[in-house]
Ligand SMILES: NC(=O)c1ccc[n+]([C@@H]2O[C@H](COP(=O)([O-])OP(=O)(O)OC[C@H]3O[C@@H](n4cnc5c(N)ncnc54)[C@H](OP(=O)(O)O)[C@@H]3O)[C@@H](O)[C@H]2O)c1
C-alpha cells in the first residue's frame, strides 16, 4: 500500500471527534468488526484495510469476534503504509469467561499480540455478566454456572482493568451493556472511571435515559448496531423486532438526501452525539462520507427522535442465570439491579 492517507476520499482530519474526560480525542465513527456467522475473518480484515484507505481511523474489535489475528495483519500493513499508530483509535474487549483476576491481564495481552499492537486506546468489559456460552449457541442455551451481576466481583475485574492502564497496555477503559444502576455503583467505586459505555443505539432504540446519564457522567456513549443490525443471525431475531432502515421517516429523509437509509442512521447518530460503530464490508465508504456530508436538518433530527420504539435487538438471553426469567431482567428496567 502506498501512502493511503494521501488517497483517502475522506480526510481523517475532517471526521468529527469526541473528547474523553481524560482529554484524548476519538473519531466520532468507528468500523465495527463483528462478522458474526456470515462474514469471514479474512473479509473483515480486508474491510479494515479498505476502511483505513478511505479515511477510517477508529476500529471496534473484540477477542470473541474470532478475527483479531487477521485484523492484526491488516493493522500491520496499515502502519507500514504510513498511517501513524497515534492516529488510530483501536478498541478491544474482555470476554465474559475472562473476568477472573488471573485472566484479565493475560486476555488483554493476547488481544494485543493478535492485533500486533503495543497498546490499545480503549479496552472494555464486554458484558457485566461473567457467563461463558459457546460462540454461535442458541438463545435458549443456558450455562449451569451462570451468575447475575455481582458488584464486588465486577469491581475485582475492574481493578485489573485499572491495572492495565497503570501498566501502559491500554490508554482508557470502559464498560459495555451496562444499565444506570450498575453504572452508578461502578462510578462510585472506580479509581479510574469508565471513559465510555458501549451500548445498543439506533433510531428504534435510542435509550434516552441511559444516553443522557452516560453524557452527564463524563462518559462517551458509543453505539453498536447503529443501522439496526440487518445482517444479524436468525437466532438474534424475534417477531417483535423492527428495522430502522425500513421506517418511513428514515426512508423519506434518505430519499430527500439521495442516500441509503443506513447512512441516515449514521448521520443521525453522529449529530446526536454518540459514536456509531457501523459494521460493513461493502458500504463503509458511504457511511464515512455520510458523516462529513451535508447534515440532517433540525426538523429531520426531531422527526427521528420521534420514531424511537424502545426496540432492543441484542437482548442477551444467554446471560440469564435462573429459570423463569425474561431477558428484560438483564436490563434493570425497574431502575434497580435485578436481585439474584
Ligand atoms: N459491545 C457489544 O456488546 C456489541 C454488540 C453488538 C455489536 N457490537 C459492535 O457494533 C458493530 C456493529 O453492529 P452490527 O454489526 O450488529 O450492526 P450494524 O452496524 O447496525 O449493521 C451492519 C449491517 O448493515 C449493513 N450496512 C452497513 N452500512 C450499510 C450501508 N451504507 N448500506 C447498506 N447496508 C449497510 C452491513 O452490510 P455490508 O457489510 O454488506 O455493508 C451489515 O449487514 C459490530 O460489528 C461490533 O463491532 C458491539
Exercise. Considering region 18-38 alone, what residues qualify as being part of a strand (DSSP E or B) and under 16 Å from the mean Cα position of the chain (by Cα)?
Worked result: 18, 26, 27, 31, 32
Exercise. Within region 32-56, restricting attention to residues that are surrounded by 24 or more Cβ atoms within 10 Å (Cβ to Cβ) and more than 12 Å from the ligand (Cβ to nearest atom), which residue is farthest from residue 266 (Cα to Cα)?
Worked result: 52
For this session: Assess whether residue 105 counts as being modelled with pLDDT of 95 or more and more than 12 Å from the ligand (Cβ to nearest atom).
Result: yes
For this session: Would you mention how many residues in region 135-163 are within 16 Å of the ligand (Cβ to nearest atom) and either at pLDDT below 80 or farther than 29 Å from residue 185 by Cα (or both)?
Result: 4
Seminar exercise, completed: Of (1) assigned to a loop (DSSP other than H, G, I, E, B); (2) in contact with a helix residue (DSSP H, G or I) (Cβ under 9 Å, 6 or more places away or on another chain); (3) away from the ligand (no atom under 12 Å from the Cβ); (4) more than 16 Å from residue 332 (Cβ to Cβ), residue 228 fails just (3)
Seminar exercise, completed: Within region 115-134, residues within 16 Å of the ligand (Cβ to nearest atom), more than 18 Å from the chain's Cα centre (by Cα) and crowded, with 19+ Cβ neighbours inside 10 Å come out as 130, 131
Exercise. Yes or no: residue 290 near the ligand (Cβ under 8 Å from one of its atoms), farther than 30 Å from residue 181 by Cβ and modelled with pLDDT under 95?
Worked result: no
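The values are calculated or read from the model by the stated rules, or taken from the named source; none is laboratory data. Note that the coordinates shown come from a computational prediction; the quantities given were computed from them, not determined experimentally. Please note: Cβ atoms are built from the backbone with ideal geometry, for glycine as well, and neighbour counts cover all protein chains shown.
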